[in-house]
Amino acid sequence: MDAFNDFIADHEPALRLGCFLAVLAVMAGAEALWPRRPGAARGRRWPNNAGLVLLDTLAVRIAAWALPVFLPVAAAAHAAERDWGLLPAVGIYDWGAFVVALVVFDLAIYAQHVAVHHIPVLWRLHRVHHTDLSLDVTSGLRFHPLEILLSIVIKTGLVLALGAPAAAVVVFEVLLNGTAMFNHANLKLPLWLDRAVRTVVVTPDMHRVHHSVHRDETDSNFGFNFSVWDRLFGTYRAQPRDGHDAMTIGQPDFRDPDRLGLARLLVQPFVRN
């Protein structure tokens, strides 16, 4: 485990960037070859979604510069130096701590996702993600900078509370980023493969229901990685009522593409509709 931790620590930036670019390229290529729905317009959406990614990254870097322990990986190293957290307190170390941390992190992301849908002030931030009028790999990166900062605060607090190993933090964030791009992709999987994969991992067809214009469908299928949480907590919906080809993506009050430019997305949480 020590060698694995050292490898992750020594190659963290390259691992993060390499996995991000690889998954983005593979998913963009796959959805171009095997699209699930026609007409996923890229011309206006992709620059807006890319702009949010750049602003998110800048916001995180500024916050980490102001408070070095702000990032979950730094918090994990800080906790390890002091033997903080629940896992070391109950004697769970090495691979045991790694596996437990991955599962707890995924459950926490599910719970956070449910919360941002049901707490009005948080929904206004998260709504930016749901106002995308089409769904593809870039939709998995479309988040308001304030929501990204809030998510990092929650993850950092959880890392400190658990005493999670830094390797688990890095691996989980790489997996979360990759699965978010996968399950937002406009990708057509054979029905037999979709049924098999979604027993463990959230598939594009499963997550697409979550981006329906119908609010009861929007408030379902909250998982990003493991599909078990939706089944366990009763938030699973197998298919959209209108079918995948005919369903409408987005939010009923934000249908005008001219109101969904980058500047409008940044101020959207602070306007009524």
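Here, each number is a calculation from the coordinates, and none is a lab measurement. Quick caveat, the model's predicted, so the values are computed rather than measured. Don't worry about glycine lacking a Cβ; one is built from the backbone with ideal geometry, like all the others, and counts go over all protein chains shown.
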Between 0 and 90°, nearest 10: helix 120-130 axis offset from the chain longest Cα axis: 70
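Within region 22-121, list the chymotrypsin sites (Phe, Trp or Tyr not before Pro) lying in a DSSP loop whose Cβ has at most 15 other Cβ atoms in a 10 Å radius. Numbers along the way, then the final one.
Numbers: sites: W65, F70, W84, Y93, W95, F98, F105, Y110; in loops: W84, Y93.
Qualifying residues, ordered by number: Y93.
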Full-extension gain in nm, C19 to R241, via 0.36 nm per residue minus C-alpha separation: 76.4 nm
Cα centroid distance between region 200-261 and region 56-119, in Å? 27
Quick one: length gained pulling H11 to L193 fully straight, 0.36 nm per residue minus the C-alpha distance? 62.2 nm
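Taking square-rooted eigenvalues a ≥ b ≥ c of the alpha carbon gyration tensor, is region 141-273 rounded, prolate or oblate, where a/c under 1.5 means rounded and, failing that, a/b exceeding b/c means prolate?
It is oblate, given that a/c is not under 1.5 and a/b is not larger than b/c.
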Dividing the mean separation of Cα pairs under 8 Å (6+ apart) by the residue count of the chain yields a relative contact order in percent of 26
Arranged from highest to lowest average of other beta-carbon atoms within 10 Å per residue, in what order do the peptides 151-164, 253-266 appear? 151-164, 253-266
Those trypsin sites (Lys or Arg not before Pro) from region 4-50 that are DSSP loop and have at most 15 other Cβ neighbours within 10 Å turn out to be R42, R44
